[in-house]
Every structure is written in structure tokens, then in C-alpha cells.
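Working notes, structure below.
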Amino acid sequence: MSSEKSNETEKFVISIAKTTAKVSILAAFSGLIFVFVFIWKGSLFPISDVPVIQKKVVKISVGGKTDKTDKYWSAPTDELIPAGKYGNMIRYGRELVSHTARYYGPHGSLAKISNGMNCQNCHLQGGTKIFANNFSVFFASYPKMGARSGKKEVVFNRIFDCFNRSLNGKAPAAKTKEIQSMLAYMKWLGAGVKKGMKVFGTASEKLKYMDKPADPVKGRLVYLARCASCHKSDGGGTLSADKKEYTYPPLWGANSYNDGAGLFRLSNFAGFVKNNMPFGTSYPNAQLSDAEAWDVAAFVNSQARPHKDPSKDYPDLKKKPIDAPFGPYADKFTANQHKFGPYAPIAAFYKNLNKLKT
């Protein structure tokens with residue numbers, strides 16, 4: 001009798017064990033299905049579903065404002081680059097952004113169609129740094145109407161502008177492997193960012209306008225003390241050891257950005273410098289004051305550089321940036337004030353103009 005009970009108990013234990021094993025296998029299989037359906041579904045590249053918008057407390061001290069919370073962008077890490085052809089395109093695109101001159105500069109392996117600067121000279125750290133013209137919202141913001149062109153623009157147009165203005169050259173064709181790879185990289189960086197989403201730290205910081213013009217004379221002193229060690233006293237920059245690209249780019253002269261580039265506008269240059277220069281500076285730990293940033297921007301952008309015909313830029317003059325340094329304008333302020341400021345009176349004029357329109 002005890003032997004029969006023992007056998008029955010053994011059978012019962014084995015049955016329970018089998019059932020538990022089946023349940024475990026079923027749970028694991030269900031987990032895999034969940035991962036496939038909810039993470040991979042709808043995309044050949046699962047990276048597109050990785051969230052990159054986070055919350056960060058940013059301390060604001062200008063004008064007596066208190067701390068506030070803003071959305072900020074964090075670039076995806078290399079571990080999230082997908083395998084296969086798409087991943088290879090992303091890596092190649094990053095290489096082109098980081099070392100553009102090696103492919104398209106004066107000693108370029110593919111073509112000699114640019115001034116020797118790299119895309120990341122303006123879009124720091126491959127377009128991943130806060131307040132350094134990062135690519136967080138780049139892909140999601142197109143198509144859109146371009147104020148400068150007056151036309152509807154697609155993503156290729158923005159890259160073409162960089163080649164034509166910041167790199168003072170001409171762009172490769174849109175269908176080339178290189179342009180497509182650069183776009184793949186930028187799209188991957190902006191995964192999770194939707195059109196119209198407000199993201200903290202894009203472009204460059206908009207500094208408070210000064211109540212006087214920016215001063216190139218004072219800016220020269222700032223430049224010599226804080227910038228010349230890398231960019232040289234003549235603004236010519238520092239070439240890499242093999243002389244195929246710039247370790248520190250030229251800020252004026254024949255090999256720098258032309259006067260149609262975005263950095264030739266003082267507000268863009270000042271905001272960029274404030275949070276990124278001297279080398280090693282990052283937001284919010286600036287080393288320059290706002291006034292120093294405005295003044296050094298005025299000095300650098302007063303130096304000789306290549307010229308680009310602006311006659312077709314901003315066909316609607318009311319949409320022209322107030323610090324665009326070339327006329328004509330939809331106002332009576334001088335070209336000198338548009339270039340150096342003070343900007344507050346110009347901004348007030350257009351604010352009132354827009355009120356009248358509504």
C-alpha cells in the first residue's frame with residue numbers, strides 16, 4: 001500500500017514538473033512574441049522606436065527666472081546602431097559628417113569640391129552636442145517652407161546649403177551613396193523626435209540682445225586671449241598632421257565659411273561660441289560672458305572671407321532675420337545695425353509690424 005502511494009506521489013510530482021516546464025516555455029515564447037510585435041513591428045530598423053527624449057532640470061539664472069524643466073535630447077549610443085546595410089550606412093554617414101574634408105576637401109578622395117572644413121566644425125561631435133547645432137530635430141522638421149529660399153524644401157536642400165555656404169563649395173548629387181548615408185545617420189540620430197516637437201538645446205542658444213552694438217575691437221582682445229591658440233592669430237585654423245582636414249577650423253580667410261553661411265549672422269555665432277568655446281566648454285558651464293560672445297562674433301565676422309551672392313535670399317523681406325548682414329530690408333535701419341546691433345529696436349519694429357498685420 002505504501003509502495004502504491006509512493007508511486008502515485010512520484011507521478012504527481014513529475015506531472016507538476018512537466019506542467020511548470022510547459023508554462024515556463026510558454027511564458028518565454030510569449031515574451032519573444034511581445035518583443036517582436038511591440039518593438040520590431042512596423043519597422044525594418046528597430047532603432048526607430050528607441051525613445052531619446054528625456055526630462056532634465058535646467059537651471060535658469062538670466063533675468064531672475066527660477067529653475068525650469070525642459071525636454072532635452074540625448075543621442076542614441078553605438079550599441080543601438082542596427083546590423084546590416086542600414087547600420088553600415090549610418091556609420092558611413094557619421095564618418096562623412098565628422099571628416100567631410102577627407103572625402104570632399106582640397107585633398108578629398110571622392111571629389112575636391114569644398115574648402116577643407118568638416119560638417120562637424122559647425123555641428124559639433126558629429127551633430128550630437130547640446131547647443132552646438134545638433135541633428136536632433138533635423139530630419140523631423142522637413143519638408144518645410146524655407147524663409148531663405150522662399151520655397152518648400154526637403155532634407156537634401158539643407159545639406160546642399162551647408163556645402164554651398166559653410167563649406168563654400170558645391171554639393172554631391174542627392175542620389176549618391178554619400179548623401180544618402182549622411183541622411184541615414186541624421187535620421188537615426190533623431191529617432192523618436194516627431195515633427196513639431198520642441199526639444200531643448202537645438203541650434204545655438206539665443207542670447208539676450210545687448211543695448212549697444214557688438215564691438216569688434218573688444219572682440220579682437222577676446223579672440224587673441226581665448227581663441228587664437230587653436231584657430232591662430234590670422235584665423236587660419238590648425239590642420240591635422242596629414243593636412244587633409246582641420247583639427248581646428250579657419251574662422252576667416254579663403255578656407256572658411258562664406259558670408260552666406262548661418263554662422264555669419266552674429267546671433268548664431270555668439271550663441272554657438274558662448275556654449276562651446278574655448279575648446280572643452282559645454283552648456284551650461286560657459287567660460288565667456290554674453291558680451292564677450294557678442295563681441296568676439298563681431299570681430300570674427302568682420303574679417304575677410306569668401307562672398308556669396310545674397311540677391312536671391314529671403315524673397316519675403318519680412319521674414320528676413322534681423323541680423324542678416326546684407327540688404328535690402330523691409331525697414332529703415334542701417335545695414336551696419338543689422339550686422340552689429342543693437343537688435344532690440346529692430347526686433348520691436350517687426351513685432352509691431354506683425355501686430356498690424358493681424
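So the values come out like this:
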quantity: Residue that is surrounded by the fewest Cβ atoms within 10 Å (Cβ to Cβ), among those in the stretch 167-213 that are touching a Gly at 6+ places or on another chain (Cβ under 7 Å) and small (G, A, S); calculated: S181
quantity: Residue match in the stretch 311-328 (condition: β-branched (V, I, T), modelled with pLDDT of 95 or more, in a loop (DSSP other than H, G, I, E, B) and loosely packed, with under 13 Cβ neighbours inside 10 Å); calculated: no
quantity: Residue among G219, G235, G262 that is surrounded by 14 or more Cβ atoms within 10 Å (Cβ to Cβ) and within 23 Å of I130 (Cβ to Cβ); calculated: G262
quantity: Unique match (being out of contact with any Cys (no Cβ under 9 Å at 6 or more places or on another chain), open to solvent by 70 Å² or more (accessible area, probe 1.4 Å) and at pLDDT below 60) among K144, K55, K85; calculated: K55
quantity: Verdict on G150 being modelled with pLDDT of 95 or more and open to solvent by less than 30 Å² (accessible area, probe 1.4 Å); calculated: no
quantity: Selection count where residues are touching a Phe, Trp or Tyr at 6+ places or on another chain (Cβ under 9 Å) and under 12 Å from F264 (Cα atoms), scope the stretch 322-332; calculated: 3
quantity: Pairs, first within 23 Å of M197 (Cα to Cα) in the stretch 142-171, second of a type in the set (K, R) and open to solvent by less than 60 Å² (accessible area, probe 1.4 Å), C-beta under 8 Å, six or more apart; calculated: A147/K320
quantity: The stretch 279-302, residues that are among the hydrophobic types (A, V, I, L, M, F, W, C) and surrounded by 16 or more Cβ atoms within 10 Å (Cβ to Cβ); calculated: A286, L288, A291, A293, W294, V296, A297, A298, F299, V300
quantity: A132 vs. criteria over 18 Å from Q180 (Cβ atoms), open to solvent by less than 20 Å² (accessible area, probe 1.4 Å), touching a residue at least 12 places away in the same chain (Cβ under 8 Å) and not in a loop (DSSP other than H, G, I, E, B); calculated: no
quantity: Filter result (free of Cβ contacts under 8 Å to residues at least 60 places away in the same chain and closer than 20 Å to G192 by Cβ) within the stretch 113-129; calculated: H123, Q125, G126
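The values are calculated or read from the model by the stated rules, or taken from the named source; none is laboratory data. Remember, it's a predicted structure, so these values are computed and weren't measured experimentally. Every residue, glycine as well, gets a Cβ built from its backbone with ideal geometry; the counts of neighbours run over all protein chains shown. Side chains are part of the model used for accessible areas, which takes the heavy atoms of the whole protein and leaves out ligands, DNA and RNA. Shrake-Rupley method; radii C 1.70, N 1.55, O 1.52, S 1.80 Å.
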